[in-house]
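Visitor: Shown below is the structure under consideration.
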Amino acid sequence: MSGTGIFGTAGRRRVVRLPAAVLVAVLLASCTSGPPNRPGPPGSSSAGPSGGAAGGATGGPSAGPRPLFAEDFTGSGLDSERWVTCYDWNVDGCTNAGNHEQQWYRPEQVRVHDGQAILTAVRRRTTGADGTVYPWASGMLSTGRPSWSGRPRFTFTYGRVEAELMLPGEPNSFPAFWLMPAARRTPPELDVIELIGRDRSARTTAHWTEPNGRATATSRASPARDWSARFHRFTLDWTPDRVTWAIDGEQVFEVTDPAQVPHEPMEVLFTLAMGYPEPVADDVAGAELRIRAVRVWPPPR
């Protein structure tokens, strides 16, 4: 989900960021339909740096290297040197128009409390920069750019990324923990975990581009459970020849096809979208995604 752009298929977004000169025009354009797509600003069409360590690492690679990025949310607010609360087409907020999601992301929908970052979606009519009135305001976190002309807060190429999450249980809430390129286009993309629609299966997905230029993906759905009952640890190990996913220390998926393994710097994102693939039921007033113990370690030597 990053960038200003055009979207893909099979579990999430495909992003092709647009030149800064046309950004305002994109934000004012109309939306198009599609399956879960990579994010874009209002009006995008559809089709799916470094940071210092902070705090001690837990549960990392057995060799015990120092983490490249470690966040325990110990303060009273977000560290703005590490996190932004929108995509880089931020104009008083943002959304993923390609998915026809129902939320407008706003920074006040992210708070830090008791060692957690809490993304909160509330049913509140919110007017976006595109003039659309969205029924939900929600929150997101990214280590990407604060604006179109900004620089990413943190990226990495290969290593282990993980976080402990308590996911919302409301049907058609759309929480995701994922990686997207710092470059001005996607695929590739790696979805560490996302819940889609009424299916409470935990989906892990790799997105890539075929030789003919077609964006495609491969995915695995772990058995459904109540992911909102407690925190679970979601881990992705990424090396030059494979990507492996684990939930609470148990491997659930792996790709080894060279075409499916990315080889470029990636940003880390947590998003709480609403109303994908269907509108949220009228009796649902809100949803929360709770995040703690975010870590990125270097790859094994």
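Where a number appears in this text, it was derived from the coordinates with a stated rule and is not lab data. If you're wondering where the values come from, they're calculated on a predicted model, not measured in any experiment. Here the Cβ is made from the backbone with ideal geometry for all residues, glycine too, and neighbour counts use every protein chain on show.
Visitor: Extending each Cα 7 Å along its Cβ direction at Ser80 and Arg198, get the distance between those two points in nm, one decimal.
Guide: Calculated label separation equals 4.4 nm.
Visitor: Separate question: Determine ³J(HN,Hα), in whole Hz, for all residues of segment 291-298 in sequence, where each value follows from phi through the Karplus function 6.51 cos²θ - 1.76 cosθ + 1.60 and θ = phi - 60°; x replaces Gly and Pro.
Guide: 3J(HN,Hα) across segment 291-298, in whole Hz: 10, 8, 6, 7, 9, 10, 10, x.
Visitor: Something else: List Asp283, Asp191 from most exposed to least, where exposure is judged by having the fewest other Cβ atoms within 10 Å.
Guide: Asp283, Asp191
Visitor: What list of ³J(HN,Hα) values in whole Hz, one per residue of segment 157-172 in order, does the Karplus curve 6.51 cos²θ - 1.76 cosθ + 1.60 (θ = phi - 60°) give from phi, with Gly and Pro shown as x?
Guide: After applying 6.51 cos²θ - 1.76 cosθ + 1.60, I find 10, 6, x, 10, 10, 8, 7, 9, 10, 10, 8, x, x, 6, x, 6 Hz.
Visitor: Still on this structure, please answer the following. If amide H atoms are built 1.01 Å from N in the plane of the peptide, which residues on other chains or at least 5 residues away come under 5 Å of the amide H of Arg185?
Guide: Arg17
Visitor: Give me the distance between the Cα centres of segment 93-108 and segment 156-230, rounded to whole Å.
Guide: Answer, in whole Å: 17.
Visitor: List the residues whose amide H sits under 5 Å from the amide H of Ser173, counting only those 5 or more places along or on another chain, with H placed 1.01 Å from N in the peptide plane.
Guide: Gly275
Visitor: Moving to a separate point now. How far, in nm, would the chain grow between Arg230 and Gln251 when pulled straight, counting 0.36 nm per residue and subtracting the alpha carbon separation?
Guide: Full extension from Arg230 to Gln251 adds 5.6 nm.
Visitor: Going by a ≥ b ≥ c, the root eigenvalues of the Cα gyration tensor, does segment 52-297 fall in the rounded group (a/c under 1.5), the prolate group (a/b larger than b/c) or the oblate group?
Guide: It comes out rounded by the Cα gyration axes.
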